[in-house]
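Step one of this worksheet: look at the structure below.
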Amino acid sequence: MQSLVGILVFGMFAMTVAYQSGEQVNNMVHRDAPEAPPRRKGDHEAIRKKLQDAGVLRVSEEQNLVPLIEYTDGSGISGQYIARLLPGAKYGPIRRIIKGAGRRQRVKFNREKNFVILRNISKSNLEDLLQLTNVIAEIEQDVKLELNTEYCREYTLPNNANRRGLWGLDALDGDAYNYKYNIWGDGKGIDVYVADTGINPNHEDFTGRVTIGWPTSTSVDNDGHGTHVASIIGGTNSGVAKSANIISLKICSCRGFCPVSDILKGSLWVKERVQSNRRLSVINFSVGAWFSSSLNDAVDDVLAAGIPAIVGAGNANADACNYSPGSTPNALTVGAFSEDFEEPSFSNYGSCLDLYAPGEDIKGADFSGNNTYTLHGGTSTAAAFVTGAVAALLQVLRDNGTISSPSAQVVNYTNEYIIKYALPGKLTDVSEANLALSTPCLVI
């Protein structure tokens with residue numbers, strides 16, 4: 001008899017879709033920081049000592065030698081230095097030492113700030129330069145600078161009845177009542193696979209970004225669960241990653257029956273497709289059932305292909321470790337919280353759960369019309385919020401040059417950053433340690 005997963009009912013028996021009806025920025029660089037007072041003379045010595053203690057640089061101040069500052073963390077440029085001249089010092093002695101392969105360029109700001117840039121300097125040249133204590137105040141190794149880019153999208157929510165059901169977006173900054181939220185990106189160019197009941201590709205919330213992927217080009221949503229989940233992930237009006245590409249995997253029937261065999265075949269299709277096109281991708285599984293090694297293996301296979309996997313913890317008010325795919329070790333398993341940052345009575349819990357996300361009375365696209373919306377909840381919607389956050393994060397890490405194609409490192413980065421920036425202890429009625437999804441602006 002064929003194994004089934006995903007009965008679309010409002011509870012958890014057999015395998016069910018995890019579904020129930022119904023500004024803190026944390027920047028690495030504070031935008032409104034007070035203006036720093038003028039730096040006192042000699043402050044650079046204290047800073048250098050601190051960096052030397054941290055293993056970033058080395059300061060050599062031997063008697064009768066010019067002080068030498070070199071970087072030990074890999075940021076220094078080999079054979080390249082900047083010599084600060086003493087006030088009124090002559091340039092000639094340096095020119096006489098550097099006359100072979102080495103190159104020099106004098107940069108004079110004023111009498112007190114007079115530098116010589118030294119390139120392709122040999123060890124013997126450097127040793128000779130360190131003897132010029134009557135010419136050079138110090139020699140500092142040239143260092144590679146990095147561009148610090150802020151990745152941030154800022155959104156304002158309506159302060160009226162139209163906000164109903166959008167509190168989940170509002171809560172991404174840890175405050176569900178301030179009518180605004182930040183997120184690090186919009187997921188542009190990232191592929192999101194939604195393993196569910198299909199998607200209505202013509203809904204206005206998707207702005208033409210939905211592709212019907214597996215099994216056929218006609219496999220659209222005739223149930224509603226998949227469309228709602230997809231709109232939380234990437235809807236323009238109700239979603240997190242508002243520019244992501246959304247690809248539908250119809251693994252469940254119109255009555256919510258989801259055969260494990262279809263999940264296996266759909267997961268294999270995703271794996272082979274991503275291995276072929278090498279596009280950064282993430283997959284959402286908002287389904288669940290009692291523990292199934294076959295289902296967990298399918299998710300593991302996707303993870304091994306460098307595709308982060310986000311799964312709902314389940315709606316049985318039980319230990320998520322007893323359910324699949326929530327018990328898959330390297331997937332991000334997501335429980336639900338309410339508008340008041342409380343755990344709803346339905347959400348699974350336990351050590352297999354990685355974090356919580358909004359999952360009660362969430363507004364999303366309604367499959368039955370192209371411009372209508374509905375409210376639903378459950379760990380399905382909670383997982384969708386995390387999947388959208390992951391798509392946006394992958395876009396940021398790609399744009400920053402950290403990642404470029406699917407790999408085990410992509411999965412590791414995803415899990416690390418989602419956990420790192422989640423808000424600890426945010427749920428008021430959960431006794432054990434807990435984390436709530438947060439998407440602050442990032443400066444990288």
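Where a number appears in this text, it was derived from the coordinates with a stated rule and is not lab data. The model shown is predicted, which means the values in this text are computed figures rather than measured ones. Positions of Cβ are backbone-derived with ideal geometry, glycine not excepted, and every protein chain shown enters the neighbour counts.
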*Given the peptides 399-411, 281-293, arrange them by the average over their residues of other C-beta atoms within 10 Å, most packed first.*
281-293, 399-411
*Quick one: order TYR193, TYR356, TYR151 by neighbouring beta-carbon count within 10 Å, fewest to most.*
TYR151, TYR193, TYR356
*Compute the Rg/Rh shape ratio of the chain: radius of gyration over Kirkwood radius, all on alpha-carbon atoms.*
1.15
*asked:* Please rank PHE115, PHE341, fewest neighbouring Cβ atoms within 10 Å first, as an exposure proxy.
replied: PHE115, PHE341
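Counting alpha carbon pairs within less than 8 Å and at least 6 residues apart, what relative contact order, in whole percent, applies to the stretch 219-301?
This gives 21 percent for the stretch 219-301.
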*Count, lysine Cα pairs under 21 Å in the stretch 43-143, 8 or more residues apart or across chains*: 5
*Which ³J(HN,Hα) values in Hz, rounded to whole numbers, follow from the phi angles of the stretch 74-81 under the Karplus curve 6.51 cos²θ - 1.76 cosθ + 1.60, where θ = phi - 60° and Gly and Pro get x?*
x, 8, x, 9, 4, x, 10, 9
*So what is Rg over Rh here for the stretch 52-91, counting just Cα atoms and using Kirkwood for Rh?*
1.04
*asked:* Based only on other Cβ atoms within 10 Å, what is the fewest-to-most ordering of ASP429, ASP53?
replied: ASP53, ASP429
*For the stretch 295-414, go through all pairs of different Cα atoms, get the mean of 1/r, take its inverse, and jot down that Kirkwood value in Å.*
15.1 Å
*Rounded to the nearest 0.05, what FRET efficiency do LYS144 and TYR177 give with R0 = 41 Å and r taken as the Cβ-Cβ distance? Could you check?*
0.40
*Taking only C-alpha pairs under 8 Å that are 6+ residues apart, what is the relative contact order of the stretch 43-143 in percent?*
37 percent
*Across every pair of different alpha-carbon atoms, what Kirkwood hydrodynamic radius in Å does the stretch 179-274 reach?*
13.4 Å
*Order of 227-233, 366-372 by packing, highest average Cβ count within 10 Å first?*
227-233, 366-372
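Let me check against my output: what whole-number percent is the relative contact order of the stretch 314-424, with C-alpha pairs under 8 Å and at least 6 apart?
This gives 22 percent for the stretch 314-424.
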*Given 5 Å bins starting at zero, what is the percent of C-alpha pairs of the stretch 43-143 in each, up to the one with the largest pair distance?*
2, 13, 24, 25, 20, 12, 4, 0
*Debye, to nearest 20: dipole size of the chain, +1 on Lys, Arg Cβ, -1 on Asp, Glu Cβ*: 2780 debye
*What value, in deg cm²/dmol to 500, does the helix sum -39500 (n - 2.57) over DSSP H runs of n ≥ 4 give at 222 nm once divided by the residues of the chain?*
-7000 deg cm²/dmol
